[in-house]
Structure formats: C-alpha cells, structure tokens
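*Asks:* Here you go, one structure.
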Amino acid sequence: MTSAANPSLPANPGPGGLAFARGLPRALTIALTAAAVLAPLSLILYQSLLSAPFFDANKVLGLDAYRFIFADPDFWRALGNSLLIASGMTLIAVPLGGVLAFVMERSDLPSKRIIEPLILVPSFVSPMVLAFGYVVSAGPVGFYSVLATKLFGGVPWGLYSVPAMAVIAGLMHVPNVYIYASSALKNLGSDVEEAARIAGASPLQVAMSVSLPLIMPALLFSSVLVFFLGLELFGLPLVLGDPEGHLVLSTYLYELTNKLGTPSYHLMAAVAICIVALTVPLVLLQRKLLQNTRKYATIRGKAGRVRELPLGRWKWAAIALVCLFLLVTVVVPLSGIVLRAFVTNWGLGVSVIDALTLDNFRAVFEEPTHTRAIWNTVLLGTIGGAITVACYTAIGFATHRRNDAWSRIVDFLVLAPRAVPGLLIGLAFLWVFLFFPPLTPLRTTIFSMWLAYSVVWLAYGMRLISSSLMQVSPELEEAARTVGARRGRISREITLPLIRAGLLGSWLLVFMIFEREYSTGVYLLGPGTEVIGAELVSLWQGGAIDVVAALALINIVLVFIGLAGALRFGVKLRD
Amino acid sequence: MLTRIALAALAAACLPAFAQTVPAGYPANYAGTLAAAEKEGKVVVYSTTDTKAAQPLIKDFEALYPNIKVEYNDLNSTEMYNRFIAEVAAGQGAADVMWSSAMDLQVKLVDEGHAMTYVSPEVPKLPHWAVYKNQAWGTTYEPCVFIYNKRLVTGSDIPQDHASFARILNTESAKYKGKVTTYDIDKSGLGFMFFVQDTKYFAGMKDLERGFGKTGYRVYSATGNMLEKVSSGEHLLGYDVLGAYALVRAKKDPNLGVVLPKDYTLVLSRVMFISKAAKHPDAAKVWTDYILSARGQKVIGGAVELFAVRNDIDAEYTAAKLDKELGDKVKPIPVSAEITTYLEPAKRLEFLKDWKAELAAGAK
C-alpha cells in the first residue's frame with residue numbers, strides 16, 4: 001500500500017512508558033484490523049479442514065474437502081474460466097482505464113466535467129443488474145439485437161461465452177483502474193510530458209512511453225485489484241454464464257451449496273482457500289515489482305503545474321474512444337434496465353408500448369421491506385461510509401511512512417478479504433456474529449452489514465486513503481518534526497487537514513461502492529438489515545424480475561443523486 | 001329489553017377484538033394456547049415464499065389475532081437452511097416457524113430432531129400424505145408444469161405430456177437448439193427433486209434426457225429467469241417449472257403459456273414445521289393452525305395465488321379444482337422420509353452422473 005517514496009521517520013526516542021503509550025493507538029488500530037479480517041478468514045480455513053459444518057458434532061478433521069474438489073472436473077473448469085476471465089478483464093481494463101485517465105487528466109477534451117461521472121457509472125451499479133441489462137438490450141432477443149437482425153440479418157455479437165464475459169467484465173472494471181490512474185496522474189507534474197511533446201511525440205506516444213510508465217505503481221496496484229475482483233466475480237457469471245453452463249469459481253461455490261443436497265461448507269471453504277492461495281503470489285509479485293519505489297517518486301516538495309496537452313488531430317480519436325466506451329458500458333445495459341423496469345413483458349414480437357406499466361414501482365413501494373432496504377442502503381452509504389473512511393484513515397496513519405513488518409502485514413491483511421467470494425465471506429461474517437458472544441446482539445442490526453462491507457472493501461478504500469496521504473510531501477511533516485511535534489500531533493495538525501479534500505472524495509467513492517455491493521450481504525440479510533443489493537439477489541432467485549428491475553433503477557437513481565449533489569457542493573472525486 | 005339485546009349483540013361483535021375465542025371445532029384447552037400466544041406477542045417465520053406474495057396471509061392473520069405480530073423473513077431455500085442450522089447450533093434459534101418449498105431439506109431437519117411435535121386440530125382436514133409425524137405439514141398444492149412462448153410455439157409443438165415433450169426434443173432438435181430450458185440439476189434442489197420424481201412416473205425419462213442433450217438445453221437455478229426468457233422468446237419451451245409462479249405470471253403476460261401435463265402432474269407442497277427451539281412456541285402453533293385452517297387456506301388459494309392443499313376450500317387456486325381437472329393424474333410429492341433419499345451425497349452424485357451420461361449420449 002505504501003508504494004511511493006516514503007522515507008521512514010526515525011522512531012521517536014523517549015522514556016519507555018511514554019513511547020509505549022504513544023504507540024498504543026497504532027497497535028490498537030492494527031490489532032482491530034487484524035481481528036476484523038482474520039476472524040472470518042480463519043473460520044473459513046478451519047472449516048475447509050473439516051468434514052461437516054464446524055458447529056456439527058459429527059465433524060472430523062481432514063483433507064477430504066480438498067480431495068473432493070480436486071477430483072471434481074467442474075472445479076478445474078471453473079478455475080480455468082476464472083483465470084481466463086480475470087486475466088482477460090485485467091488486459092482490457094488496465095490499458096483502457098489508463099488511457100481514459102490520461103485523456104481526461106491531460107488533454108483538452110471538451111465537457112470533461114460531464115463525462116467523468118459517466119465513466120464511473122459501471123462501478124456503482126451492481127454487476128448482476130448490469131448483466132441483466134445486457135440480456136434485455138443485447139441478449140439473443142434483446143431490443144438492440146432485434147434491430148441488428150433487421151439491419152444486418154443477424155446478431156453480430158453474443159453475450160454468453162467466456163470471452164464475452166471477459167470483455168464485459170473488463171469494461172465494467174475500467175472505472176476501478178481509472179480512479180487510481182487519474183489520481184496518480186493528478187500528482188504528476190506535466191513538465192516531462194511537455195518535454196516529450198516538444199520533442200515531437202504524438203499524444204499516444206506521450207501516454208504510452210511517458211505518463212503511464214510514471215504511474216506504474218497505481219497501474220500495478222489496480223491490475224492486482226482487478227484480477228482479484230475477476231476471481232471473485234459472481235453476479236455477472238450468474239446471469240450470463242448460466243445459459244451456456246459456464247462455471248467460474250464463485251458460481252461453482254454457489255453450485256456446491258446444492259450439489260450434495262445440503263450446503264457443503266467444507267467444500268465451499270476449500271474453494272475459497274484455493275482462491276486466497278492463488279492471490280498470495282500475486283501480492284508478492286506486486287511487492288517485488290514495486291520494491292524500488294523511489295524511482296517513481298516525482299512529487300518532491302512542490303508539485304509541477306499540470307497543463308493540458310492539445311490533442312490536435314487526435315482529438316476525434318479520443319472523443320470516439322470515450323463515446324464508444326460510454327455507449328457499450330453505460331448506455332446499452334442501462335437502457336435495458338430502464339426498459340425492463342417500465343414493462344410487464346418484452347421480447348420477440350412484443351410491442352413495448354402495449355406492455356408499458358408503472359406497477360413494478362408500485363410493487364416496490366407497497367412492500368415495507370423494500371422501502372426499509374432503500375433507507376438502510378442510503379444510511380449505510382452515507383453515515384456508514386463516513387465511519388468507514390474514518391477507520392480506513394486510522395489504518396492509513398498506522399502504516400503511513402513506515403516500512404516495518406507491521407506495515408507489510410497490514411498490506412496483505414487489506415487485500416486478503418477481497419480474494420474470498422463475497423457470498424462466502426458474508427456467510428463467515430454470519431458465523432462470527434453468531435458464535436462470538438460479544439457481537440451477537442449486533443447481528444440483526446445494520447452494524448453487521450457495515451462491518452462486512454468495510455472489511456471486504458478494505459483494499460479499495462485503503463488505496464484511496466494512502467494515495468491522499470502520499471500527496472502530502474514529507475518535507476511538511478519533517479518541518480513539523482524539526483520544531484518538536486510528535487507523530488500524533490503531526491498527523492492531527494498537519495497531515496489530516498491537508499488531506500481533507502481527498503477524504504471527502506474517498507467518502508463519495510466508498511458511498512458508491514456500498515450502494516452497489518450485493519453478494520456480501522446475502523447471508524446477513526434479515527429484518528433490520530435489508531439492503532438493496534442483497535435484496536436484489538434474493539428477489540432474482542425468487543423470480544420477481546419486475547421488482548428487481550424497478551428496485552435496481554431506484555438504486556441507480558439514488559447514487560446519481562448522491563453523486564450529483566456531492567459534486568455540486570464541491571466534493572471532488574479526486575483531489 | 002331491546003337495548004339489552006342490542007348491547008349484547010354489540011358486546012358479541014366487539015368481543016374478538018379484546019379476547020380471542022377458540023375457533024369452532026378446536027378443543028376447549030386451545031384458549032390456553034391462544035392466551036399464551038398473545039402473551040408471546042409475535043411469531044418469527046422463515047419462508048421461501050416472498051413477502052409480497054405472503055402479505056395477504058400476514059394481514060389476515062394479524063386482523064384475526066391483533067395481539068400477535070408476524071415477523072416474516074423471506075430467504076431462498078438454501079440460505080434459509082444455512083441460517084437455521086447455524087442459529088440453532090449457536091443457541092440463538094431465531095425462527096419459530098420454518099416454511100419452505102425445499103420439501104426434502106425440511107423433512108431432513110425434522111428427521112434430525114429440529115421440529116416440535118404438535119397435534120394440530122386441523123390435521124383431520126388434511127390429506128394423509130401432507131402430515132408427517134405430527135411435526136411437519138404440507139400447506140400448498142402446486143403443480144409442476146411445462147411453459148412455452150405463445151407467440152412462437154403453436155399447435156402440435158405445444159407439449160401436452162411428458163412423452164410428447166421428449167418427442168419434440170428428439171424429432172425437432174434443430175428448431176429447438178438452445179431454446180429449451182429447465183432447472184439446473186447441479187444448482188437447484190427443487191429441480192433435482194422434480195427430476196427424481198419424474199423417474200418414478202415416466203418410463204421415457206432417458207429419451208427426455210437425451211433430447212435435452214441433443215437440443216443443448218439451457219439451465220437456470222431460478223424459476224423467474226426461466227419465465228423471463230421463455231416470455232421474451234430467447235427460449236421457447238420450459239420443462240418442470242414451478243406452476244404457481246408460472247400461472248401468476250401468465251395471467252398478466254400474454255407471451256407465456258402454461259401446460260399441466262396430461263399423463264401426470266407432479267404436485268409440490270410447501271412444508272411447514274415449528275422449531276423445537278422456538279422462542280414463541282404458542283404463537284407458532286396458532287400461526288400453523290391458521291395456515292392449515294379453512295380461512296388461511298382460502299387466502300392461500302386466493303390472494304396468495306398458491307394452491308390450497310385442503311379439499312374443502314372454494315378459491316381460485318385449489319387442490320379440488322386441480323383434482324377435478326386431472327383426476328388421478330395428480331401426483332403429490334409426499335411429505336415423507338422417502339424424499340430425503342437423495343440428500344445422501346453418494347446417491348445424489350450417482351444420479352447426477354447418470355443424468356449427465358444421458359445428456360452426453362444425446363449430444364452425440
């Protein structure tokens with residue numbers, strides 16, 4: 001996480017007791033983080049080594065679970081598909097996200113203020129909903145497909161193959177890369193780029209050989225994150241993988257809940273442990289690649305001024321790229337959802353006008369659980385999101401400009417939960433809340449949902465915070481140190497005020513992520529903890545697709561309102 | 001005198017609002033159960049029937065017993081099972097009543113000793129196959145149906161029985177390539193249960209499985225998905241679909257056609273039991289009795305749009321009407337130990353293996 005230049009501050013010398021007292025907040029922060037992450041993860045590990053649910057009296061310790069899944073051809077097929085999809089989407093999302101960030105940050109592209117929130121749309125709509133939107137609009141009998149059949153006599157695309165899923169997933173994750181890449185670019189003075197431009201490089205050459213290599217740490221981090229997200233991808237393959245029977249790891253996990261008749265936790269846990277094992281080398285690789293982080297340090301004391309690069313004749317290419325991206329990832333799926341929300345039925349030979357209705361929305365508002373879900377989701381995103389950002393900030397300070405073993409442990413702690421599919425980590429949280437007595441009274445409150453969300457999205461949020469922290473050049477902190485301020489005081493009086501704008505931006509991004517999260521909440525869902533994302537999964541299973549479409553649309557509108565309001569009141573997405 | 005009669009009548013009319021009277025035909029000591037239930041004040045129900053569908057039941061129950069609130073949780077069948085066993089193991093049993101369409105999982109929980117024994121006064125009115133050890137009761141009578149797209153499938157292509165479904169698959173496999181759908185046998189416990197029952201009644205099951213393989217059938221874990229895709233025309237035929245949902249959708253969706261198979265129609269019954277660990281055991285009894293009562297069944301067959309399991313009910317969807325239409329071709333899946341046979345992993349995997357072998361043979 002602490003990837004840019006970060007000379008460690010020397011430890012504060014002082015009387016032993018005092019030093020201990022000053023180290024206490026940090027130790028406490030790290031301990032709490034470790035507890036929140038390791039409690040569910042170790043339960044999963046333990047469960048994978050048993051033959052029955054861990055609370056069952058007949059359980060036996062052993063490796064049978066691993067033996068079963070390794071002998072199951074479905075596991076290997078799922079693993080293959082997952083690796084294919086995860087690498088495919090990384091290959092699509094990272095370059096595209098990087099180039100989009102470059103165009104948005106550096107070029108004189110018109111109407112950037114409008115385009116930017118649109119680019120982020122896929123990151124705050126639940127992938128399950130987006131995938132369903134694609135089915136309605138571009139599936140075999142979707143309305144664009146019907147149009148295409150009329151025009152070209154056939155549908156030149158397909159949705160249900162593994163490569164198609166990789167492409168769609170790749171496009172959906174462009175915003176994840178974009179956010180990190182553009183905030184890294186913001187920190188980069190544009191003097192080097194101008195030099196390249198003067199030397200005759202085209203904008204593309206500037207992007208490829210100057211700007212993007214300079215933000216390598218951000219790109220590498222987002223590659224790893226996108227790959228992780230690819231391994232745990234659930235909603236998309238649930239909707240698009242079913243028709244042709246393509247399994248991925250998380251849908252295989254889902255299959256295991258029924259394959260043996262009763263849910264086989266030990267098998268599910270074993271699969272999750274395999275995924276976590278897959279991600280360990282990735283994290284190590286990332287660390288190795290970034291070992292020599294100093295060479296990326298371009299912000300020293302005074303940041304260079306950023307000047308827009310004139311794109312010249314490349315402008316149209318850039319505009320076309322942005323528009324194509326928005327068309328495929330935003331317009332196509334969202335138009336599908338909007339249409340579905342307002343009709344009773346659709347498809348081949350159906351006149352949409354005859355099928356128009358508002359009943360779907362009536363059904364949402366007639367149902368108290370749905371209105372409670374809307375309310376809870378908003379609460380979780382706004383107030384919950386703020387508390388989450390506060391926690392992330394505390395963790396950020398605990399590792400900020402420290403390069404000791406503890407920071408390295410936190411680095412891994414932060415990434416690990418995201419490697420476990422949301423469905424299972426949610427189940428593990430249910431176990432924690434059930435079997436750890438101090439927490440049991442909180443199980444049926446929205447707190448359980450909040451904790452699970454905050455742990456699952458640690459990697460995403462921590463990166464936002466630490467990149468804000470990195471922006472504060474060490475000189476300022478060192479100056480405060482020279483006049484005798486201690487670490488805690490420097491954090492409170494120098495660093496924190498300086499990153500305020502960055503924290504507000506992170507809050508907004510965390511809000512959006514929390515609004516869309518869906519699989520983590522499935523098992524924690526209950527009276528008092530209804531959230532839209534998990535309700536959507538449950539309704540989807542139950543078959544109330546009318547209500548799914550209407551509720552999903554309401555969710556999207558809510559996030560838009562939040563986003564527009566925040567931007568209007570001066571919150572910047574990135575500082 | 002007149003005023004006195006009027007007053008008495010008024011008092012009688014108001015009476016139910018203050019204290020519950022024992023329903024007709026119930027034993028006199030039921031008054032004690034009612035009083036205890038009202039003292040408990042609520043009943044927690046875990047159910048696979050979604051809240052929207054169950055709302056009329058909840059409202060009617062709360063109108064009848066204003067002092068007992070219903071805390072209703074809708075979950076899918078596996079989530080429900082997962083939560084129940086985890087909560088019971090943690091000593092925090094939250095559900096008083098379990099009500100699920102996963103008949104086999106329910107019976108398994110009963111066999112593992114999670115259910116309370118209770119002789120409901122409504123039992124004599126239920127068909128004998130719907131009562132299990134006085135611990136679990138079948139509450140609905142939902143046919144398992146075929147669905148088709150009305151715009152695109154017509155005439156003799158509409159399968160009327162299992163044999164014609166198999167024939168259409170095998171003789172017109174080019175036309176139906178990728179256009180036939182059913183439950184995913186790996187992911188859907190419901191689908192698995194239907195297929196196992198099919199092997200009991202339909203000798204040509206292997207032809208059907210090969211036909212599925214030949215047409216490259218599409219499978220889903222959720223009923224809604226199948227209804228949506230047959231309605232849109234992405235798929236044309238659906239096999240063994242939960243009929244209650246299909247009929248409800250067909251009522252307002254002109255694209256969707258529903259067939260009750262003529263040779264035999266499987267019938268699923270949502271199973272209800274009272275948790276042994278119930279925190280509101282008396283309220284749970286009152287709720288269960290209500291669901292099995294003529295009044296509750298009338299709501300199930302009416303506004304809830306599932307089928308009433310009792311034969312003495314007049315409503316839109318009832319067992320009586322189905323029986324009249326199909327006679328002895330109706331084959332209810334019994335609430336019995338038999339249906340848990342395939343929850344034994346080895347047996348289940350064997351069934352899956354055979355199923356897949358036939359699919360592969362058909363695909364060749």
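*Asks:* Run down B:300, B:274 and say which single residue is assigned to a strand (DSSP E or B), among the aliphatic types (A, V, I, L, M) and in contact with a strand residue (DSSP E or B) (Cβ under 9 Å, 6 or more places away or on another chain).
*Replies:* Criteria check complete, one pass: B:274.
*Asks:* Would you please name the residue that is surrounded by the most Cβ atoms within 10 Å (Cβ to Cβ), looking only at residues in segment B:60-75 that are farther than 18 Å from residue B:142 by Cβ and within 12 Å of chain A (Cβ to nearest Cβ)?
*Replies:* B:75
*Asks:* Sort through A:521, A:533 and tell me the only one that's in a loop (DSSP other than H, G, I, E, B) and either out of contact with any strand residue (DSSP E or B) (no Cβ under 8 Å at 6 or more places or on another chain) or in the same structural domain as residue A:367 (by TED's automatic domain parsing) (or both).
*Replies:* A:521
*Asks:* Next question. Do we find that residue A:564 is touching a helix residue (DSSP H, G or I) at 6+ places or on another chain (Cβ under 8 Å), under 21 Å from residue B:242 (Cβ atoms) and among the hydrophobic types (A, V, I, L, M, F, W, C) in this structure?
*Replies:* So residue A:564 fails the test.
*Asks:* Of the residues that sit in segment B:35-47 and are out of contact with any Asp or Glu (no Cβ under 7 Å at 6 or more places or on another chain) and surrounded by fewer than 22 Cβ atoms within 10 Å (Cβ to Cβ), which one is nearest to residue A:427 (Cα to Cα)?
*Replies:* This residue is B:41.
*Asks:* For segment A:377-397, indicate whether the set of residues that are in the same structural domain as residue A:32 (by TED's automatic domain parsing) and within 21 Å of residue A:545 (Cβ to Cβ) is non-empty.
*Replies:* Looking for residues that are in the same structural domain as residue A:32 (by TED's automatic domain parsing) and within 21 Å of residue A:545 (Cβ to Cβ), one finds at least one in segment A:377-397, hence yes.
*Asks:* If we only count helices (runs of 4 or more DSSP H) wholly inside segment A:306-406, which ones have 1 or more residues that are within 14 Å of chain B (Cβ to nearest Cβ) and touching a Ser or Thr at 6+ places or on another chain (Cβ under 8 Å)?
*Replies:* Hits in segment A:306-406: A:332-341, A:352-355, A:359-366, A:368-379.
*Asks:* May I pose another question? I need a count of the residues in segment A:146-199 that are free of Cβ contacts under 8 Å to residues at least 12 places away in the same chain and assigned to a helix (DSSP H, G or I).
*Replies:* 8
*Asks:* In segment A:449-474, what residues are outside any helix (DSSP H, G or I) and either touching a strand residue (DSSP E or B) at 6+ places or on another chain (Cβ under 6 Å) or of a type in the set (Ser, Thr, Tyr) (or both)?
*Replies:* Result: A:473, single match.
*Asks:* Here's a check for you: in segment A:200-214, which residue that is among the aliphatic types (A, V, I, L, M) and without any contact (Cβ under 8 Å) to a residue 60 or more places away in the chain is nearest to residue A:311 (Cα to Cα)?
*Replies:* Of everything passing the filter in segment A:200-214, A:201 is nearest to residue A:311 (Cα to Cα).
*Asks:* Considering each of A:101, A:65, A:78, A:86 in turn, give the residue that is in contact with a His (Cβ under 7 Å, 6 or more places away or on another chain) and either in a helix (DSSP H, G or I) or of a type in the set (Val, Ile, Thr) (or both).
*Replies:* Just one listed residue meets the conditions, A:65.
*Asks:* Only residues that are more than 15 Å from residue A:78 (Cβ to Cβ) and buried (at least 24 other Cβ atoms within 10 Å of the Cβ): list them for segment A:237-257, please.
*Replies:* The answer is A:239, and nothing else.
*Asks:* Could we say that residue A:102 is closer than 30 Å to residue A:265 by Cβ, aromatic (Phe, Trp, Tyr), buried (at least 22 other Cβ atoms within 10 Å of the Cβ) and in contact (Cβ under 8 Å) with a residue 60 or more places away in the chain here?
*Replies:* When the stated conditions are applied, residue A:102 does not pass them.
*Asks:* Please verify whether segment B:265-272 includes one or more residues that are out of contact with any His (no Cβ under 8 Å at 6 or more places or on another chain) and either within 14 Å of chain A (Cβ to nearest Cβ) or of a type in the set (Gly, Ala, Ser) (or both).
*Replies:* Yes: segment B:265-272 contains one or more residues that are out of contact with any His (no Cβ under 8 Å at 6 or more places or on another chain) and either within 14 Å of chain A (Cβ to nearest Cβ) or of a type in the set (Gly, Ala, Ser) (or both).
*Asks:* Among (1) out of contact with any Pro (no Cβ under 9 Å at 6 or more places or on another chain); (2) over 30 Å from residue A:311 (Cα atoms); (3) among the hydroxyl-bearing types (Ser, Thr, Tyr), where does residue A:160 come up short?
*Replies:* (1) is the only condition that residue A:160 fails.
*Asks:* If I go through segment B:88-102 residue by residue, how many of them are more than 12 Å from chain A (Cβ to nearest Cβ) and either within 20 Å of residue A:265 (Cβ to Cβ) or of a type in the set (A, V, I, L, M) (or both)?
*Replies:* Adding up the residues that qualify gives 3.
*Asks:* If a residue must be in a strand (DSSP E or B) and buried (at least 23 other Cβ atoms within 10 Å of the Cβ), how many such residues does segment B:106-147 contain?
*Replies:* The number of residues fulfilling the criteria is 11.
*Asks:* Assigned to a strand (DSSP E or B) and either among the basic types (Lys, Arg) or surrounded by fewer than 18 Cβ atoms within 10 Å (Cβ to Cβ) (or both): is that true of residue B:331 in this structure?
*Replies:* yes
*Asks:* Would you mind finding the one in A:444, A:440 that is within 12 Å of chain B (Cβ to nearest Cβ), touching a helix residue (DSSP H, G or I) at 6+ places or on another chain (Cβ under 7 Å) and surrounded by fewer than 20 Cβ atoms within 10 Å (Cβ to Cβ)?
*Replies:* A:440
*Asks:* Could you check, for segment B:171-178, whether at least one of its residues is part of a loop (DSSP other than H, G, I, E, B), surrounded by fewer than 20 Cβ atoms within 10 Å (Cβ to Cβ) and within 14 Å of chain A (Cβ to nearest Cβ)?
*Replies:* yes
*Asks:* May I pose another question? Could you grab me the full set of residues in segment B:235-264 that are within 11 Å of another protein chain (Cβ to nearest Cβ), surrounded by 20 or more Cβ atoms within 10 Å (Cβ to Cβ) and within 18 Å of the chain's Cα centre (by Cα)?
*Replies:* Matches in segment B:235-264: B:241, B:242, B:244, B:245, B:246, B:249.
*Asks:* Can you name every residue in segment B:76-87 that is more than 7 Å from chain A (Cβ to nearest Cβ) and either within 9 Å of residue A:541 (Cβ to Cβ) or under 16 Å from the mean Cα position of the chain (by Cα) (or both)?
*Replies:* Hits for segment B:76-87 are B:77, B:80.
*Asks:* Answer yes or no: is there a residue in segment A:63-75 that is touching a helix residue (DSSP H, G or I) at 6+ places or on another chain (Cβ under 8 Å), under 28 Å from residue A:454 (Cα atoms), surrounded by 15 or more Cβ atoms within 10 Å (Cβ to Cβ) and more than 14 Å from every other protein chain (Cβ to nearest Cβ).
*Replies:* No, the conditions are met nowhere in segment A:63-75.
*Asks:* Just to verify a result, which residue in segment B:148-161, among those that are within 14 Å of chain A (Cβ to nearest Cβ) and either within 23 Å of residue B:190 (Cα to Cα) or in contact with a Pro (Cβ under 8 Å, 6 or more places away or on another chain) (or both), is surrounded by the most Cβ atoms within 10 Å (Cβ to Cβ)?
*Replies:* Only one residue fits best here, namely B:149.
*Asks:* Turning to a different aspect of this structure: Name the residue, out of A:559, A:510, that is part of a helix (DSSP H, G or I), in contact with an Asp or Glu (Cβ under 8 Å, 6 or more places away or on another chain) and at pLDDT 85 or above.
*Replies:* After applying the criteria, what remains is A:559.
The values are calculated or read from the model by the stated rules, or taken from the named source; none is laboratory data. Keep in mind that this is a model prediction, so the values were computed, not measured. Here Cβ is always computed from backbone atoms with ideal geometry, including for glycine, and neighbour counts include all displayed protein chains.
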